[in-house]
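Report on the structure given below.
Throughout, read-outs are computed from the coordinates displayed, never taken from laboratory work. Keep in mind the model is a prediction, meaning the values are calculated, not measured. Here the Cβ positions follow ideal geometry from the backbone for every residue, glycine too, while neighbour counts run over all protein chains shown.
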Amino acid sequence: MQGDSGLILRNDLARADGPTAELYRLNDDPGQRDNVLDKHPAIAAELRERYERWWDGMSGDFDRPAEIVLGDPRQNPMELTCFEWHSSQQWGQQAVNRGFDGNGY
């Protein structure tokens, strides 16, 4: 599991990883009070494996800039925020409002 904690959902099951792993049957226990991880270790392992495959499949794109598509009539006008800017110095909307010169490229 990447990071300090995570949540994996599969139909009526939820697996949470953190300081201690947990597994809940959401249909029977929506309040997540009865941790059934010890009763279903194979299901818990399967959910963990699915998460790891998902993470491995997407984490290679973390350093690639996100594509911004302009001109779609469904989003007119287009709103760009500081999060579309590629820069380590322009991390807040205030920097954009001040007219910070540069876009990180």
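Considering only DSSP states other than H, G, I, E and B, which chymotrypsin sites (Phe, Trp or Tyr not before Pro) in the range 18-82 qualify as loop sites with at most 16 other Cβ atoms within 10 Å? Intermediate results must be reported in sequence, preceding the final value.
On the way: sites: Y24, Y51, W54, W55, F62; in loops: F62.
Those satisfying the criteria are F62.
Taking neighbour Cβ counts within 10 Å as the exposure measure, how do R25, R50, R64 sort from fewest upward?
Values: R25 17, R50 13, R64 7.
Lowest to highest Cβ neighbour count: R64, R50, R25.
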